[in-house]
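Below is one structure; the comments refer to it alone.
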Amino acid sequence: MTSSTSGYDTVVKLPSPRGPLSETVIGTLSGEPDGRPIPFTDADPYGEDLTIALHTLYELHYCGFDDVHPAWEWDPRLLELRAQAEIVFLAALRSDVDGGDDLNAALDALLVEHVPGSGVSHHLRDNGTWDEMREYLAHRSVYHHKEADPHAWVIPRLRGRAKAALVAVEFDEFGGGRADRMHSRLYADLLEGAGMSADYLHYVDDVPAPAIAIVNMMSLFGLHRSLRGALVGHFAAAEITTAPSAQRMAQALVRL
């Protein structure tokens, strides 16, 4: 199909497989639904294979892929395969997060900017090279081509003030009604300005699992009503912490 999520028309191709599970998924989608069972192959929850398999399955609910039959989106055997992969991924996420029920403490910690800080944006601002910046832009493109799309899944699952507040922020994410100001479009413009491809998911085959797994996590939260609290929490955390890191990235671009 032809996608214009980022403001640029492009054909979306299936990614390259990175193991037996993703090979099964991608090979299956290359044909038409035929009723045959689709086997699940266990894999590392954060590994390249499961990450690409889940990304490909989730993309059916976004822009889809060129030459992939639209009936695959709701094929029950493919949904069962996705559910098995999600069980592995979600179990790892829950195991690796401390958890807790003190919301104020979690938000208070996010509101503190530690000085001096560390992280990718600090490195790029102070010492990063142009090649490192371009590599970072490619890694982040898997998320920024979608930007707020995963969070939009939660809108019909909220009520009252929570819905109104989230939609108010989403309105800005989607450009306040202006296509040229959509954040996904602005990122595509940034890629073009860096001499890179602005096409939707152009760099997915070049991006390692960690950057893609973050987007998978957002899709997982968004597509499951039972995880709507996790999606709202992720949305709040992302919005709270974006401004300081975005300022550092802008300073890095000016320096370079």
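The values are calculated or read from the model by the stated rules, or taken from the named source; none is laboratory data. None of these values were measured; they are calculated from a predicted model. Heads up, the Cβs are rebuilt from the backbone with ideal geometry, glycines too, and the neighbour counts pull from every protein chain shown. Protein only, heavy atoms only, side chains kept; ligands, DNA and RNA dropped before computing areas. Shrake-Rupley method; radii C 1.70, N 1.55, O 1.52, S 1.80 Å.
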Count of residues meeting criterion [modelled with pLDDT of 90 or more and assigned to a helix (DSSP H, G or I)] in the range 68-103
25
Within the range 226-236, considering residues that are open to solvent by 30 Å² or more (accessible area, probe 1.4 Å) and of a type in the set (A, V, I, L, M, F, W, C), the one nearest to E132 (Cα to Cα)
A236
Please work out if M218 is part of a helix (DSSP H, G or I), in contact with a Leu (Cβ under 8 Å, 6 or more places away or on another chain), within 24 Å of G64 (Cα to Cα) and open to solvent by less than 60 Å² (accessible area, probe 1.4 Å).
yes
Counted residues in the range 221-256 being assigned to a loop (DSSP other than H, G, I, E, B) and closer than 22 Å to W153 by Cα come to 1
Select the helices (runs of 4 or more DSSP H) contained entirely in the range 111-186, then report the ones holding at least 3 residues which are in contact (Cβ under 8 Å) with a residue 24 or more places away in the chain and closer than 27 Å to Y58 by Cβ.
130-144, 149-152, 160-173
Among the residues of the range 101-109, are any loosely packed, with under 10 Cβ neighbours inside 10 Å, in contact (Cβ under 8 Å) with a residue 40 or more places away in the chain and within 21 Å of A237 (Cβ to Cβ)?
no
Qualifying residues in the range 1-28 (those that are under 20 Å from the mean Cα position of the chain (by Cα), at pLDDT 85 or above and in a loop (DSSP other than H, G, I, E, B)) - the one surrounded by the fewest Cβ atoms within 10 Å (Cβ to Cβ):
S16
Among the residues of the range 29-63, count how many are buried (at least 22 other Cβ atoms within 10 Å of the Cβ), over 16 Å from the mean Cα position of the chain (by Cα) and closer than 18 Å to E73 by Cβ.
1
The range 132-165 - residue that is more than 20 Å from I212 (Cα to Cα) and among the charged types (D, E, K, R) and, of those, nearest to the chain's Cα centre (by Cα)
R157
Answer yes if at least one residue in the range 240-255 is closer than 15 Å to M133 by Cα and of a type in the set (D, E, K, R), and no otherwise.
yes
Testing L223 on (1) modelled with pLDDT of 95 or more; (2) crowded, with 21+ Cβ neighbours inside 10 Å; (3) not hydroxyl-bearing (S, T, Y), one condition comes back false. Which one is that?
(2)
Limited to the range 68-100, what total is found for residues that are of a type in the set (D, E, K, R), open to solvent by 40 Å² or more (accessible area, probe 1.4 Å) and free of Cβ contacts under 8 Å to residues at least 40 places away in the same chain?
4
Looking only at the range 187-215, count every residue that is open to solvent by 50 Å² or more (accessible area, probe 1.4 Å) and outside any loop (DSSP other than H, G, I, E, B) and tell me the total.
8
Residues being surrounded by fewer than 22 Cβ atoms within 10 Å (Cβ to Cβ) and more than 16 Å from D172 (Cα to Cα) - total across the range 143-156:
3
